[in-house]
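Reading through the structure tokens given below for one structure.
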Amino acid sequence: MISLLQYRLWYGDGSFKQTEKYQLQLDQLQQQLALKQQRNKALEAEVLDLRKGKEAIEETARHDLGLIRQDETFFQVIE
């Protein structure tokens, strides 16, 4: 009987190895969750900026689309 209990403790369902494996998986998932929560906060802030003002829309147009204003002069610096 004792040997059966020892076997389950070391190798069976809920053993030390399995518990350690699950703990490592949980730690990895928590790290992934933290990264995704940070990304979500950044995206949420960007959405709020886009909803509130023209400055964020202008910044996005300049950065992503390469647009300039009508009264501006475009200079391209080649390194």
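P(r) of the chain in 5 Å steps, Cα pairs, percent per bin?
In order of increasing distance, the bins hold 3, 12, 9, 10, 9, 7, 8, 6, 6, 5, 5, 5, 5, 4, 3, 1, 1, 0 percent.
Give the lysines reachable from Lys54 as a straight Cα distance under 21 Å; neighbours fewer than 8 places away on the same chain don't count.
Partners within reach: Lys41.
Kindly sort Arg51, Arg62, Arg69 by accessible area of their heavy atoms, largest first, with the probe set to 1.4 Å.
Details: Arg51 190, Arg62 85, Arg69 120 Å².
Greatest to least solvent exposure: Arg51, Arg69, Arg62.
Could you do me a favour and compute the accessible area per residue for the chain, 1.4 Å probe, result in Å²? Mind showing how you got there, number by number?
On the way: 8160 Å² over 79 residues.
Accessible area per residue, the chain: 103 Å².
What part of the accessible area of region 1-78, given as a whole %, is carbon or sulfur when the probe is 1.4 angstrom?
Here it works out to 57 percent.
What nm distance separates the two modelled labels at Ile2 and Glu44, each placed 7 Å from Cα along Cα→Cβ?
Output for this residue pair reads 5.6 nm.
The values are calculated or read from the model by the stated rules, or taken from the named source; none is laboratory data. These figures come from a predicted structure and were not determined experimentally. We place every Cβ from the backbone using ideal geometry, glycine too, and count neighbours over all the protein chains shown. For the accessible areas, the whole protein counts, side chains as well, though only heavy atoms, and no ligand, DNA or RNA atoms are used. Shrake-Rupley method; radii C 1.70, N 1.55, O 1.52, S 1.80 Å.
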